[in-house]
Structure formats: C-alpha cells, structure tokens
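Engineer: There's a structure below that I have some questions on.
The values are calculated or read from the model by the stated rules, or taken from the named source; none is laboratory data. These numbers were taken from a predicted model, which means no experiment stands behind them. Reconstructed Cβ throughout: ideal geometry from the backbone, glycine too, with neighbour counts over all protein chains shown.
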Amino acid sequence: MVTGGLGFVGSRVVRMLVEQESADVIVLDDCSLGVPENLGAALDRVTVEKADIRDSHSVADVTSRHHPDVVIHLAALHFIPACDAEPKRCVDVNVGGTQSLLDACAATPPRAVVLASTAAVYAPDEAAHGDDSAVGPIDVYGLSKRWSEQLGELFHNKSGIPVAIARLFNVFGPGETNSHLIPAVIRQAATSRELRLGNLTTKRDYVYVDDVARGLAALAEAAPEHGWLSCNLGREQAVDGFALVSTIADLMDTELAITTDPARMRPSDRPVLLSDCTRAHSLLGWSAGTSLADGLREAIAQPTAAGVVVD
C-alpha cells in the first residue's frame, strides 16, 4: 500500500512497483493534489482507495480490508511556504496522519513500514549531512517530519514491526505537484525570458524522482532485516539557483534574465543542504543514477502533473 500514491513521488513509486513486481498495489490518496491519471497505464492494475490520511477510521478500514504486506507512507504536505502559512494543517496531516496510519498498522500488522521524511530535519550545516548528523529543524515542515520519525521509532519499539525512514533531499522530475524552484523556472521560461524568483544563492541537493522511488522500494526490502533503519536519499551534489537556471536555459536553448521577487523570498532558508548517502550505498546498494541535466530534460518535457497547475 502506498499512501499519497497519486502524487508526485507516490505515483512514480506505484508505477515502478507495478512494472517490477507481481504483488497487488493499493493506493490510498485523498486526491487533493494527485490525480489517478498520474499513474498512466498502471492505473488499470492498482486499487485506488480515496481517503484522508487524517481520518483514522477510513485508514483503518482500508488497511483491514487489504491487509498490506508493506506500507510506504508518502501522504503529506511538502511545500514549505504552504506549511508556514498553515502550520496547524501541516501538523495535522504530517503528524496526525502518520499516527493514524501507524495505529492502523498496529491493528493489521504489515511486514514493514517505510516512512518518507526529509533532509529538513537536519540542523543547518554547510557540510554534507550524514545519516547520523545532528537534527534541528528550522521550520514547521521539518519539525513535523521529525516528529513523524519519532512516532515511527516509538511504533517500532512497541510493536516490533520493522520501520525504515527515508530522508529525502530535493526531489525533482516530471509531474511535480508543488511550486518548487525547478517547476517554477520551467513554467515561467515557457512563456517569458524574464523570471521572477526568490533567493538563488542557496545550494540544494537535487535528486531525480525515479531514483527516489528505487530507494524507497529498496528500503522496504531492507527493513525486515534491520528492524529500524534510516537512510538519506540524495544525489550528493549541491548546486545554487543560478546554476540551476543556467542549466535549464541551456536545455531550453534560450536566454533567461532573473528579477528578484520579494514575495518569493523565505524568512528562513538554510544556505546549503547536501547529502552523504553512505548508508544507502552500503546497506541498500542504492545511489542516484540520474544526472541533474538528464532529470531536468525530462522535467522540461513534462512540466506538470496531470490536472495540476503549477504557479
């Protein structure tokens, strides 16, 4: 079962599982951002259950009827400005929703649970973040995900059910459903040579969505052996916004000018976010195989998810 399985990352996980696995795949999604069309041809081979992850009764009903062997939890609010604007909703979805799912898993135990977290749980540092680096979120999104991690650890300690945490860095690729920097640049560049953007001096570790999907599947396989496991999933290279815009301009064969938009500036923004994925390399045999340019080329070819307008 994949929660948030119609969304940006979730739909790629589901499509990959359908292509590579013989197991049945259940999608639990409230359809607030993702749409069934995001699954493409895989839609005919999965069962979609519409439910809000915060609705404990609905989540428990879906879990008890399908009794999933593995649960990959991706249903969450991810866009930091939206989380900052509605902190209560962020906590309700990301923390309350995770607890709702874990309660359902306690009643109908799976073989393993994978919880998607974020590099935003780490304390700001210009050095690469290893899997055991100090945590210290600086926004409500990172805090909500750190709390979810702790709920997952408590659940594992009490139930014995294996839990794997995936700390995702900046995921990008076709069909992104939130207005992060890459889809914003691509969308604006499609109609204008002048871009209105926020702070471009910050450096981020951009990892392609299909690489992340592989990592999540690998964690699901590894979790039973380890019981409790946490891994970074990143590309281990950080680039600033100016380099990103330059690469996109080259791929689109155009020239782009940048105007700073105060409305797009974030009140708190760490200068560098960079991954060290040593544990994923050694325990999962995983690494990010898609280059930034190749991933951007795919994102440019298919800039938005079906039915979703990126502003």
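Engineer: For segment 92-134, give me the residue count where each residue is within 18 Å of the chain's Cα centre (by Cα), in a loop (DSSP other than H, G, I, E, B) and among the polar types (S, T, N, Q).
Structural biologist: 0
Engineer: Looking only at segment 230-262, filter to residues that are within 30 Å of residue 149 (Cβ to Cβ) and of a type in the set (A, V, I, L, M); which one of those is surrounded by the most Cβ atoms within 10 Å (Cβ to Cβ)?
Structural biologist: 233
Engineer: Shifting gears a bit: Output the residues belonging to segment 132-189 that are hydroxyl-bearing (Ser, Thr, Tyr), modelled with pLDDT of 95 or more and surrounded by fewer than 21 Cβ atoms within 10 Å (Cβ to Cβ).
Structural biologist: 133, 159
Engineer: Here is a check on your reading of the model: is residue 18 part of a helix (DSSP H, G or I), of a type in the set (A, V, I, L, M, F, W, C) and under 24 Å from residue 227 (Cα atoms)?
Structural biologist: On the way: part of a helix (DSSP H, G or I): yes; of a type in the set (A, V, I, L, M, F, W, C): yes; under 24 Å from residue 227 (Cα atoms): no.
When the stated conditions are applied, residue 18 does not pass them.
Engineer: Restricting attention to segment 123-142, report how many residues are touching a helix residue (DSSP H, G or I) at 6+ places or on another chain (Cβ under 9 Å) and without any contact (Cβ under 8 Å) to a residue 40 or more places away in the chain. Step through it out loud before you land on a result.
Structural biologist: Initial filter on segment 123-142 (touching a helix residue (DSSP H, G or I) at 6+ places or on another chain (Cβ under 9 Å)): 129-132, 135-142.
Restricting the remaining residues to those that are without any contact (Cβ under 8 Å) to a residue 40 or more places away in the chain gives 132, 135-137, 142.
Total satisfying the criteria: 5.
Engineer: Under 8 Å between Cβ atoms, which residue pairs at least 6 apart in sequence (or on different chains) link something in segment 150-171 that is more than 22 Å from residue 12 (Cβ to Cβ) with a partner that is of a type in the set (A, V, I, L, M, F, W, C) and part of a loop (DSSP other than H, G, I, E, B)?
Structural biologist: Pairs that qualify, where the first residue is more than 22 Å from residue 12 (Cβ to Cβ) and the partner is of a type in the set (A, V, I, L, M, F, W, C) and part of a loop (DSSP other than H, G, I, E, B), are 155/161.
Engineer: What's the number of the condition residue 118 fails, among (1) in contact (Cβ under 8 Å) with a residue 40 or more places away in the chain; (2) hydroxyl-bearing (Ser, Thr, Tyr); (3) surrounded by fewer than 20 Cβ atoms within 10 Å (Cβ to Cβ)?
Structural biologist: Exception for residue 118: condition (3).
Engineer: Out of 53, 26, I need the residue that is touching a His at 6+ places or on another chain (Cβ under 6 Å) and within 22 Å of residue 163 (Cα to Cα). Which one?
Structural biologist: Residue meeting the stated conditions: 26.
This table checks each residue for (1) modelled with pLDDT of 95 or more; (2) closer than 24 Å to residue 117 by Cβ; (3) of a type in the set (Gly, Ala, Ser).
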position	(1), (2), (3)
236	yes, yes, no
240	yes, no, no
243	yes, no, yes
262	no, no, no
267	no, yes, no
273	yes, yes, no
278	yes, yes, no
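Engineer: Residues in segment 107-131 that are farther than 22 Å from residue 220 by Cβ and either modelled with pLDDT under 95 or among the acidic types (Asp, Glu) (or both): how many?
Structural biologist: Residues that pass the stated criteria total 2.
Engineer: Right, here's the next one. Is it the case that residue 272 is touching an Asp or Glu at 6+ places or on another chain (Cβ under 9 Å), of a type in the set (A, V, I, L, M, F, W, C), free of Cβ contacts under 8 Å to residues at least 60 places away in the same chain and surrounded by 14 or more Cβ atoms within 10 Å (Cβ to Cβ)?
Structural biologist: Judged against the criteria, residue 272 is not a match.
Engineer: Count, please, the residues in segment 215-260 that happen to be within 30 Å of residue 154 (Cβ to Cβ), part of a helix (DSSP H, G or I) and out of contact with any helix residue (DSSP H, G or I) (no Cβ under 7 Å at 6 or more places or on another chain).
Structural biologist: Residues meeting the conditions: 6.
Engineer: Hey, another quick one. For segment 21-66, how many residues are assigned to a loop (DSSP other than H, G, I, E, B), more than 27 Å from residue 95 (Cα to Cα) and aliphatic (A, V, I, L, M)?
Structural biologist: Count: 1.
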